[in-house]
Amino acid sequence: MTEHKKPGGLPRRAALGMVGGATIAGAAGLARPTDAVATGRQDRTRIVHAFYRALQAKDIDAFAELWTEDAVYRVPVDPAGKPGALVGREAIVSGLRGFFALFGKTQFTWEVEPLRDPNQVMATWSLDIELLAGGRYRNRGVAIFRFRRNRIVEFVEYFDTAAFLGVFAAKIDTARRFFHLLHTKEIDAWAELWHEQGKIIVPYPPDGFPSVIDGKTEILRSFRELFEVYQTFDTELTGVHPAVDSDAICVEYTVAATLINGERYTNDNLAVFRFQDGLISAYHDYFDPRRFAEVIDALPGAGR
């Protein structure tokens, strides 16, 4: 967008007869700040254009150069659905790098408008992004940039929060459906949530249970066998936390189950989901292996 400058001019010289040539010199001196303000506005407008060009190109280094060390990035809503902020250039760049990890082809359009305060610039924008996990993310908004010495010191952005949270909602819905289908023991339907190359990773399994189950086919076979042990399988999700720096969803949950031998099994778990093409590509499950050993003992032919 072309910047429109107000015509400059010397101040009125009502006192010219009183101070003579000194007033002319003073008037010339007063004109210089006006020129400096106009130049500053042009510089900051160029910085905002550079900001959106860096987003368009996913150029994280060019993006990082635009900020002060102590900059603050404020948004009306974060992935948890509440107002959020990233404080410091390192945190801002790290957060953006995480979003870039979710994005394929990115298309930005924007317009820039200098404000009366020469240290502030407004921009309106729209975007259309192909998500690497599948689907698209479209949004539009307005941003206020505040500057210190031609670096962004504060950035406040307003946009369609429903569209923003929708990027995370599909994965959260998948995580919730994951546990619902285990509860109803619909293992074949549960398997459809998995990518063909998906894997389950158990960092500290009990004896008799693998640390890695690799591939959708093997996951389905293993869980069909495992869920023959459960009469009932209930979970309570006590925390669902989408990551900002990646496509991960972290889920805290408790298990309360009845085994076919009548024993009760309970545990406290933390799971990390990762996705590819909208499907689960990895599932890390952390729990007390001593308590899970009760389930392994109940498997037919366990011999423990």
(message) Against the definition (more than 17 Å from the chain's Cα centre (by Cα), surrounded by fewer than 16 Cβ atoms within 10 Å (Cβ to Cβ), more than 24 Å from Ala248 (Cα to Cα) and charged (D, E, K, R)), how does Glu154 come out, yes or no?
(response) no
(message) Checking Ser126 against (1) touching an Asp or Glu at 6+ places or on another chain (Cβ under 9 Å); (2) closer than 28 Å to Thr68 by Cα; (3) among the hydroxyl-bearing types (Ser, Thr, Tyr): exactly one of these is not met. Which one?
(response) (1)
(request) Name the single residue, out of those in segment 229-262 being among the charged types (D, E, K, R) and in contact with a strand residue (DSSP E or B) (Cβ under 8 Å, 6 or more places away or on another chain), that is surrounded by the fewest Cβ atoms within 10 Å (Cβ to Cβ). (result) Glu236
(request) Tally the residues that are within 20 Å of Ala170 (Cβ to Cβ) and either at pLDDT 95 or above or of a type in the set (Val, Ile, Thr) (or both), restricting the search to segment 238-249. (result) 3
(request) Hey, could you check segment 197-224 for residues that are of a type in the set (D, E, K, R) and at pLDDT 95 or above and say which is nearest to Ser281 (Cα to Cα)? (result) Lys199
(message) Being touching a Lys or Arg at 6+ places or on another chain (Cβ under 7 Å), modelled with pLDDT under 95 and surrounded by 15 or more Cβ atoms within 10 Å (Cβ to Cβ): is that true of Ile129 here?
(response) yes
(request) Output the residues belonging to segment 264-283 that are charged (D, E, K, R) and modelled with pLDDT under 95. (result) Arg274, Asp277
(request) Look through segment 249-270, keep the residues that are in contact (Cβ under 8 Å) with a residue 24 or more places away in the chain and within 22 Å of the chain's Cα centre (by Cα), and return whichever of them is farthest from His180 (Cα to Cα). (result) Ile249
(request) Please determine, by comparing only the residues of segment 175-186 that are in contact with a strand residue (DSSP E or B) (Cβ under 8 Å, 6 or more places away or on another chain) and surrounded by fewer than 18 Cβ atoms within 10 Å (Cβ to Cβ), which one is modelled with the lowest pLDDT. (result) Arg176
(request) Please specify each residue of segment 44-75 satisfying the condition of being within 19 Å of Asp128 (Cα to Cα), charged (D, E, K, R) and under 18 Å from the mean Cα position of the chain (by Cα). (result) Lys58, Asp59
(request) List every residue pair whose Cβ atoms lie under 7 Å apart, where the two residues are 6 or more positions apart in sequence or sit on different chains, the first residue falls within segment 210-234 and is free of Cβ contacts under 8 Å to residues at least 24 places away in the same chain, and the second residue, located anywhere, is in a helix (DSSP H, G or I). (result) Ile213/Ile219; Ile213/Ser222
(request) Please go through segment 76-113 and pick out each residue that is under 30 Å from Ala36 (Cβ atoms), out of contact with any His (no Cβ under 9 Å at 6 or more places or on another chain) and either at pLDDT below 95 or buried (at least 17 other Cβ atoms within 10 Å of the Cβ) (or both). (result) Arg89, Ile92
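The values are calculated or read from the model by the stated rules, or taken from the named source; none is laboratory data. This structure is a prediction, so every number in the text was calculated from the model and none was measured. Reconstructed Cβ throughout: ideal geometry from the backbone, glycine too, with neighbour counts over all protein chains shown.
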